[in-house]
Amino acid sequence: MSTQPPQQQSEEPAAEQSADAESTPAAQQRREDKKAADRDARDERQAEKDANEAKANEDTREIKVFRYDPEVEEKQEPRFDTFHVPFTKGMTVLDAVIYARDQFDPSLTFRHSCRQAVCGSDAFFINGQQRLGCKTQISELEEPIRIEPLPHQDVVKDLVVDMDHFYEEMEAVDPYFDPDETPDGELEEQRQSRQNREKVKMSTRCIWCGACFSSCNIAAGDNEYLGPAALNKAYRFAMDEREGDQKTQDRLETIEQEHGVWRCQTQFSCTNVCPKDIPLTEHIQELKREAVKKNLKFW
Amino acid sequence: MSQSYNRGTIESFGRWREFSAGMWAWIFHKFTGWVLVGYLFTHIAVLSTAMEGAEMYTNTIVTLEGLLLVRILEVGLLAVAVFHILNGLRLLLVDLGVGLESQDKSFYASVILTGAITVASVPTFIAGAF
Ligand code: HEM
Ligand code: SF4
Ligand code: FES
C-alpha cells in the first residue's frame, strides 16, 4: 500500500562487504549497498502487493448499484455505479453494499437494520427480482449483480424508496388483533387452539418488506389495490377464531371490496418473491372463496 | 412525497425476460382469451353469409379454405384455443386452491400439451391446401 512508511533497512550487508572493497571509500560503498538493498526490498514489496491484489481481484464480486439523488445536481440523472467488492464466504448482498459504502463511497444510501431478515427494511430489486439484501447470498447470483430500488415505488435516494403507499394499504386492513369481546379481566390471555395457530402460522411471518407489493403488476396498475401483503394480513386476522363473528364479517367486507381480493389475477409474482415464504396467492385464493361463501345464498 | 422520476421500462413489462411461469401464464391467457373473442366475430361474419343462400355460403367457405393463410391461421386458432382451455383448467384448480405449489409445472404442462396437439393437427389442417 502506498501509505505504508518505507521500511528501515538494516546496514549489516554493507558492513560485511566494505572490508574487501579498498578502492571505493567505505562510506560510499555502504550507501550504494544500502540503495541496492532498498531496491530489492522495494521490488519484493511490490511483488507482494501485486500478488495480494491479484488474489483479491480473483475473489471480488462486481456489483452495479443504482444511484440517484434529487438533491445533487450531477446525480439527478440516474446511473449505475460499479463496485468490486472482496468476496468472503457467506457474504450477502447487504454485506456487499455495506462494504461498498464503507470502503468506496459513503454517499451510497440504503436502508438496513437487523441484517437477519427480521426488520424488513432492505428489500431491493436484485438481478431482476425483489429480494431481501440480507437474505440473498452473493454466491448464488450471476455477475455483475444489479442492485436497484424496488420497482413501482418512488425513489427517494439510491436504493431508498418511498414506502408510504405500501404502509397505507397495510394500515387499511386493521393489521392488529381486534376481538369482539375481551375477557372479563382485560389482561387475561386469549388462547388460540393449536389447529388455528397452525392455520395462520405462515401468514404471521410478514415483515412488511414490501417485496410482494413491488412485484405485483396489478398493484402497480391499480393504486387502490390492497396488495398481497395487506390481504395476507387480513387473512391472518380473518382466520383467527378468537376475533368473533362481527369483526370477521367486517374484515371480509374490507377484503371483498372493489380493490380487494378480486383484483388478484393469480400471477404468483408475490408468492415467488416473499422472503418469508408466505403462500400469499394461496391465502388470497382462500379469501376469495370465503367471500363467495359469505355472499352465496341458496334460497 | 419524494421527488420521483420515470424509471421507464423497469416499471412495466420491460423486464419480461425475468417473468416467471405464473406471469407468462397470465399474459398468454389474456392474449388467447381476446384472440378467441376476436375469432368469435369473424366466425359470426363467415357463418352469416349463409343468410344469402346456401351457394353463397359454400362459395365463401371454399374460397377461404383454399387460401394457405387461412389454413395457417386455423392452426394458430387451434393452438390458442387449446392453450386457453388447458390453462383455463389450471386456473380453475388455482381458484379451488388445488395444487398451488405446482402451478408452474401445470403451466409448463399446458404449454407442452398445446405444442404437441398443435403439431399433431398440422397434417389435418394443411391437407389439400397446396
Ligand atoms: C373450455 C373453454 C374455456 C375455458 C376453460 C376458459 C377458462 C377461462 C378462465 C378460467 C378465465 C379466467 C382467467 C382469470 O382468472 O383471470 C378465462 C378468461 C378469459 N376467457 Fe376463457 N375459457 C374458455 C373459453 C373461452 C372462449 C371461447 C373465449 C372467447 C370467446 C374466452 C375468452 C376469455 C377472455 C377474453 C378471458 C380474459 C378475461 C379477462 O380479461 O380477465 N374463453 N377463461
Ligand atoms: S408478505 Fe412477504 S414479501 Fe410481502 S411484505 Fe410480507 S414478508 Fe415482505
Ligand atoms: S436488514 Fe432487516 S430484513 Fe434485511
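The values are calculated or read from the model by the stated rules, or taken from the named source; none is laboratory data. Since the structure is predicted, the reported quantities are computational estimates derived from the model, not experimental observations. As a convention, Cβ positions derive from the backbone with ideal geometry for all residues, glycine included, and neighbour counts pool all protein chains shown. What goes into the accessible areas is simple: the full protein's heavy atoms, side chains included, and nothing from ligands, DNA or RNA. Shrake-Rupley method; radii C 1.70, N 1.55, O 1.52, S 1.80 Å.
Using a Förster distance of 51 Å, how high is the FRET efficiency between A:Lys294 and A:Phe80, based on the Cβ-Cβ distance and rounded to 0.05?
In this case the efficiency is close to 0.55.
Which FRET efficiency, nearest 0.05, do A:Glu188 and B:Leu73 yield, Cβ-Cβ r, R0 56 Å?
Working: r = 71 Å, r/R0 = 1.27.
Efficiency for this residue pair is about 0.20.
By the beta carbon rule, with partners counted only under 4.7 Å, the protein assembly as shown holds these lone Cys residues: A:Cys134, A:Cys206, A:Cys209, A:Cys216, A:Cys264, A:Cys274. For chain A, the relative contact order works out to 14 percent when only alpha carbon pairs closer than 8 Å and six or more residues apart are counted.
Here the range A:181-218 is scanned for amide nitrogen atoms under 20 Å from the site 7 Å beyond the Cα of B:Asp104 along Cα-to-Cβ, giving A:211-218. Relative to the longest principal axis of the Cα atoms of chain B, the long axis of helix B:68-96 makes an angle of roughly 40 degrees.
Here the Debye sum runs over all C-alpha atoms of the range A:27-171 as equal scatterers in vacuum, and log10 of I(q)/I(0) at q = 0.14, 0.21 Å⁻¹ comes out as -0.71, -1.29. Shown here: the protein assembly as shown, whose C-alpha atoms stretch 128, 85, 44 Å along the first, second and third principal axes, sorted largest to smallest.
Shielding by partners for peptide B:16-24, expressed as the average number of C-beta atoms from other protein chains within 10 Å of each residue's C-beta, is 4. Taking the C-alpha atoms only, the angle from helix B:103-126 to the longest principal axis of chain B is near 20 degrees.
Evaluate the relative contact order of chain B (contact order divided by residue number), counting alpha-carbon pairs under 8 angstrom at least 6 apart; express in whole percent.
On the way: 71 pairs, mean separation 40.7, N = 130.
This gives 31 percent for chain B.
Which pairs break 26 Å Cα to Cα here: A:Lys157/A:Lys201; A:Lys75/A:Lys135; A:Lys64/A:Lys135; A:Lys247/A:Lys293? Those over the limit are A:Lys157/A:Lys201; A:Lys75/A:Lys135. Taking R0 as 56 Å, what's the FRET efficiency between A:Glu71 and B:Ala45 from their Cβ-Cβ distance, rounded to 0.05? Between A:Glu71 and B:Ala45 the formula returns 0.40. Would you list, by chain and number, the aspartates and glutamates whose Cα falls below 12 Å from the Cα of A:Lys288, excluding same-chain residues fewer than 8 positions away? Partners within reach: A:Glu253, A:Glu256, B:Asp95. Per-residue surface analysis assigns A:Tyr176 an accessible area of about 110 Å², computed on protein heavy atoms at 1.4 Å probe radius.
Directionally averaged projected area (the range B:12-78, Cα convex hull): 6.0 nm². Out of all DSSP beta bridges in chain A, what portion is antiparallel? Express it as a percent rounded to 5. Taking every DSSP beta bridge within chain A, about 85 percent pair in antiparallel fashion.
For GluC sites (Glu not before Pro), the sites in the range A:258-299 that DSSP calls loop and that have at most 15 other Cβ atoms within 10 Å are A:Glu258.
Using a Gaussian network model on chain A with a 10 Å cutoff between Cα atoms, which of A:Lys157, A:Lys75, A:Lys64 fluctuates the most? Most flexible of the set in this elastic network: A:Lys75. Excluding same-chain neighbours fewer than eight residues apart, the aspartates and glutamates reachable from A:Lys199 by a Cα-Cα span under 16 Å are A:Asp240, A:Glu241, A:Glu243, A:Asp277, A:Glu282, A:Glu286, A:Glu290. With N the number of residues in the range B:20-126, Rg(Cα) / (2.2 N^0.38 Å) evaluates to 1.31. GNM remark for chain A: springs join alpha carbons under 10 Å apart, and the peak mean-square fluctuation among A:Glu241, A:Glu77, A:Glu169 falls on A:Glu77. When chain A is treated as a Gaussian network with alpha carbon springs shorter than 10 Å, the biggest mean-square fluctuation among A:Arg45, A:Arg197, A:Arg111 belongs to A:Arg45. For the set A:Leu296, B:Leu64, A:Leu252, solvent exposure ranked by accessible area (probe 1.4 Å, protein chains only) runs largest to smallest as A:Leu296, B:Leu64, A:Leu252.
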